Amino acid sequence: MTEVAAPFTPLSVDTLAARCREGAPGPTMRGYLKQAQAWLNERFRAGDPIRDLVSGRALLIDSVLAAAWQHFGLAGFADTALVATGGYGRQELHPGSDVDILVLLADGAGDAHKTEISAFITFLWDIGLEIGSSVRTLDECVAQAQGDITIATNIMEARTLAGDDALLAEMQRRTGPDYVWPSKAFFQAKWDEQIARHRKHNNTEYNLEPDLKNAPGGLRDIQMIGWVAKRHFGAKTLHELVDLGFLDESEYQALVDSQDTLWQIRYALHMLTGRGENRLLFDHQRTVAELLDFRDSNANLAVEQLMKRYYRTAVVVSQLNEMLLQHFDEAILRDGEQDVVVPVNARFRLRNDYLEVTHDKVFERMPPALIEAFVLLGQSPTIKGMRASTVRLIKQNLHRIDAAFRNDLRAITLFMELMRSHHQLFTPLLAMKRCGVLGTYLPAFGQVVGMMQYDLFHIYTVDFHTLQVIKNMRRFRYPEVREKFPLVWDVYHKLPKPELLYLSGLFHDIAKGRGGDHSAIGEHEARDFCLHHRLGKWDANLVAWLVKNHLLMSVTAQKKDVSDPDVVLEFAQAVGDQIHLDYLYCLTVADINATNPNLWNGWRATLLRQLYTETKRLLRRGLETPVERQAWIEETKTAALTLLRQRGVDEDDVVKLWAGLGDDYFMRETADEVAWHTEEILLHPADGGPLVLVRNTTQHDFEGATQIFVYTRDQPNLFAASVAALSAQRLNILDAKIITSTLGFSLDTYIVLEESGERIGDNSARMVEIRQSLADALRDPNSFPALVQRKMPRQYRHFRFPTEVMISNDRVGRTAIEVITLDRPGLLARIGRIFMEFNLLLSKARIDTLGERVEDVFFVTGSDGKPLADPDLCQRLLATLRERLDSAED
């Protein structure tokens, strides 16, 4: 139940000072501040204008500080003034904002009032204010401002709270642009400061846990505009930029509305945390959304709606910030320079390498020029960007993009010309999005602008992710990416029409947030769009197929056994031909890398490469004559035996060992791995206990990760013991292959990274430590290490969801158990212990971590080697997994 604040009436300075004189000034002021903040918070919940609350808190603090100034006898000193600086100087105070003050002394005042000033500042801390204080003479202020742009900025927006206002006027005169930080130097310094600040926040508005103050599109970007306007133009308010011609009324209102939105979120965040928190962490997002009256809907969670509003607001601020800084650059830094104007065509020209319209009626007379501007941006390497005046004109003419515009053959042709642009595509598309053209021309795209998904897997909004996919596709053209993406680089350069790939990227997620299967909805919209844009039926169907099946390859590679010929055959039948395979592979790699950079690692690259290569081989042979199992096995053996002969390994020993390994082993291991295992097993003493091998994977295996191979006599709880030991070593298991030979030996492979996601690399000491600890654990699997009890990462705690378990039998006599649950330390060890309790034998595992979520698939049999057939047993297993994994979310 919400606590209702007691009735409150703000008190005057004199009344507050009188109450302090009556006794116990500390408790008096603390009580007054607490009551005042509760009153403001109640007004916030009631929906009062945020500007009234932010300025209202500043006014309340003004009264408290002025009364305390009187109480400590400082009001009687003519050579001293109390000055508000920073945000407090602007009369902008949120519940947890620092109260920045300057005690300004006339030159020569020295330490005359040191005792009173010290007592005054101590008192402010005692009554609970977060004070940022300094005590300086006029000369000291000037000297500090000369060397520190931040101090110069704070002084510029200062105001007098008590004492002689002439002191502040003199300080601002002596630290003004005529004496300190001339306009050009000030603007350049603040611009450099903004660039550095944005870099710390990844140069994007789309951070998962954004900083409301400092990130791109945050409050600091608005303040930056105000500082420059005040310093150079003498503007006291942002509205004066309208009179100066830098903003129009609609842009000014957009800036004010954006500031209000950011203030509302920040005020709520301060209320909830009880401190000056500017980071909208996962810890607080749900509660802030609730406080701001967002409610869950069928399409979107309340928190997703909050973040969508934030992201859209941040983009508006960024756009206005960029536009104004370009104006300021021309008016301040380039003032007096001769413009270089180069004609482009009748509608556009370049001014100092920035694209601008030739006259302000261009879009009225030729509406498709709204797209042509971005085509020119994509075609010419000499164009640096678009002039702010042209960006403004584009936004003012967005209403011209209507049904008739979308049916205009000129607009259709220009859009496809952009998609076929040789020089740039991502940059003009991003500019189109930021100007509103892309979302207006393609309304379905407009619906996903700012849309986020509340998880750690999708780290970008849908619109930004979409453009990142296209950016990745374009990167596949460049020689420098060939080392990281060798196969996709080759495949991309064989695509007959790359623009079809880009269109599939543009549409693959366009139907998210509407309910239903976004792939199926997107398929129809992509086909209609392509046909409308005069693509042939075959091309349109290819794009539509890619949109519908954009997850097919990643799901197959990550959740199925791609070494199983039946899996490859099923995938090949779905793909149908080499062209579809090539396009789908490029789309899949681009999509994974644009979803979350941490998703792309060696083991994913290997799975996709293996699936692509085997499917290509199968398509080449023909689907009517799929590769036979025995031929696959013989091919692997022949290649491995060649390697072993080169190493001098006795062939008779090899053949004898292989006779007892079983066909499944040769189906699921590469020739290189078979040769490695074979050589080491033959060298290992028969009574030497478990054989544990550790090596870095090569580029053609699981590049970047470490491969651990275990060869030992099979025991029921071997998997549980192994994963518990690896978890105790703080290793993250990416993949697991569990194979049991015909003679009862386990040949198990684990692909791991450090828990932090880093490579083990060439750290030989670390490899020895891992090998020894795992060998020790497997000597007595019945007493494997206790389950890891490490804390769940902070971010994961805010994404709790019930564990999902699906149990089914496959075609090769195994039971598949798919577990979707929250990731946490020791998860696999818990699952392994449950399997042990149910006497299950594990034959294979596919481990897949997607942000805070894991989607693991385990292939098991009963202790008799047969798939699970008892419905009651399956139900108990399902219930146990759900109950134990959910109760382990600590």
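The values are calculated or read from the model by the stated rules, or taken from the named source; none is laboratory data. All figures in this text were calculated on a predicted structure; none of them were measured in a lab. Cβ sites come from the backbone with ideal geometry, for glycine too, and all protein chains shown count toward neighbours. Areas reflect the complete protein model, heavy atoms only, side chains present, ligands, DNA and RNA absent. Shrake-Rupley method; radii C 1.70, N 1.55, O 1.52, S 1.80 Å.
When the stretch 644-675 is filtered for residues that are over 15 Å from residue 740 (Cβ atoms), open to solvent by 30 Å² or more (accessible area, probe 1.4 Å) and within 45 Å of the chain's Cα centre (by Cα), the ones remaining, listed by number, are 670, 672. The lone criterion from (1) open to solvent by 10 Å² or more (accessible area, probe 1.4 Å); (2) in contact with a Phe, Trp or Tyr (Cβ under 6 Å, 6 or more places away or on another chain); (3) over 22 Å from residue 169 (Cβ atoms) left unmet by residue 120 is number (1).
Can you tell me which residues in the stretch 126-142 are over 38 Å from the mean Cα position of the chain (by Cα) and either of a type outside the set (Gly, Ala, Ser) or open to solvent by 60 Å² or more (accessible area, probe 1.4 Å) (or both)? 126, 127, 135, 136, 137, 138, 139, 140, 141, 142 - these are the residues of the stretch 126-142 that are over 38 Å from the mean Cα position of the chain (by Cα) and either of a type outside the set (Gly, Ala, Ser) or open to solvent by 60 Å² or more (accessible area, probe 1.4 Å) (or both). Among the numbered conditions (1) touching a helix residue (DSSP H, G or I) at 6+ places or on another chain (Cβ under 6 Å); (2) open to solvent by 40 Å² or more (accessible area, probe 1.4 Å), the only one that residue 394 does not meet is (2). Of the residues 503, 487, the single one that is modelled with pLDDT of 95 or more, more than 23 Å from the chain's Cα centre (by Cα) and either of a type outside the set (Phe, Trp, Tyr) or surrounded by fewer than 21 Cβ atoms within 10 Å (Cβ to Cβ) (or both) is 503.
Within the stretch 210-252, the set of residues being of a type in the set (Gly, Ala, Ser) and touching a His at 6+ places or on another chain (Cβ under 9 Å) comprises 215, 218, 245. Residues in the stretch 169-192 that are of a type outside the set (S, T, N, Q) and in a loop (DSSP other than H, G, I, E, B): 176, 177, 178, 179, 180, 181, 182. Counting residues in the stretch 149-167 that are open to solvent by 40 Å² or more (accessible area, probe 1.4 Å), modelled with pLDDT of 95 or more, more than 17 Å from residue 322 (Cα to Cα) and acidic (Asp, Glu) gives zero.
Scanning the stretch 427-485 for residues that are small (Gly, Ala, Ser) and either assigned to a helix (DSSP H, G or I) or over 27 Å from residue 281 (Cβ atoms) (or both) turns up 431, 436, 439, 444, 446. One residue stands out among those in the stretch 268-303 that are open to solvent by less than 30 Å² (accessible area, probe 1.4 Å) and touching a Phe, Trp or Tyr at 6+ places or on another chain (Cβ under 6 Å): the one that is nearest to residue 314 (Cα to Cα), which is 303. May I ask you to verify whether residue 226 is part of a loop (DSSP other than H, G, I, E, B) and closer than 25 Å to residue 396 by Cα? No, not satisfied.
The set of residues in the stretch 40-63 being under 28 Å from residue 18 (Cβ atoms) and open to solvent by 60 Å² or more (accessible area, probe 1.4 Å) consists of 42, 52, 59. Of all residues being within 28 Å of residue 235 (Cβ to Cβ) and β-branched (Val, Ile, Thr) in the stretch 84-109, which is farthest from the chain's Cα centre (by Cα)? Just the residue, please. Checked the stretch 84-109; the qualifying residue farthest from the chain's Cα centre (by Cα) is 101.
Does the stretch 57-71 contain any residue that is free of Cβ contacts under 8 Å to residues at least 24 places away in the same chain and either of a type outside the set (Phe, Trp, Tyr) or closer than 24 Å to residue 160 by Cα (or both)?
Within the stretch 57-71, not a single residue is free of Cβ contacts under 8 Å to residues at least 24 places away in the same chain and either of a type outside the set (Phe, Trp, Tyr) or closer than 24 Å to residue 160 by Cα (or both).
Residues that are of a type in the set (A, V, I, L, M, F, W, C) number at least 3 in the following helices (runs of 4 or more DSSP H) confined to the stretch 55-158: 114-126, 138-147, 149-156. Residue 77 meets the stated requirement of being open to solvent by 40 Å² or more (accessible area, probe 1.4 Å), touching a strand residue (DSSP E or B) at 6+ places or on another chain (Cβ under 9 Å) and among the aromatic types (Phe, Trp, Tyr). Per the listing 248, 221, 211, 283, the residue uniquely touching a residue at least 40 places away in the same chain (Cβ under 8 Å), of a type outside the set (Phe, Trp, Tyr), more than 17 Å from residue 44 (Cβ to Cβ) and in contact with a strand residue (DSSP E or B) (Cβ under 7 Å, 6 or more places away or on another chain) is 211. Residues 625, 615, 638: which one is surrounded by fewer than 17 Cβ atoms within 10 Å (Cβ to Cβ) and at pLDDT 90 or above? Only one candidate passes the filter, namely 638. Residues in the stretch 218-255 that are open to solvent by less than 40 Å² (accessible area, probe 1.4 Å), more than 29 Å from residue 200 (Cβ to Cβ) and not charged (D, E, K, R): 242 only.
Assessment of the stretch 32-49 against the conditions (under 22 Å from residue 154 (Cα atoms) and either touching a Lys or Arg at 6+ places or on another chain (Cβ under 9 Å) or not β-branched (Val, Ile, Thr) (or both)) yields no matching residue. Where helices (runs of 4 or more DSSP H) fall entirely within the stretch 237-334, those with at least 3 residues that are within 27 Å of the chain's Cα centre (by Cα) are at 249-273, 282-291, 302-328.
So the check is Cβ under 7 Å with 6+ separation or different chains; which pairs have a first residue in the stretch 705-731 that's on the phi > 0 side of the Ramachandran plot and a second one that's of a type outside the set (Phe, Trp, Tyr)? As it stands, the answer is 730/754; 730/755, since those pairs meet every condition given.
Which fully enclosed helices (runs of 4 or more DSSP H) of the stretch 526-586 have 1 or more residues being over 25 Å from residue 820 (Cα atoms) and either open to solvent by less than 10 Å² (accessible area, probe 1.4 Å) or modelled with pLDDT under 95 (or both)? So the answer is 537-548, 565-575.
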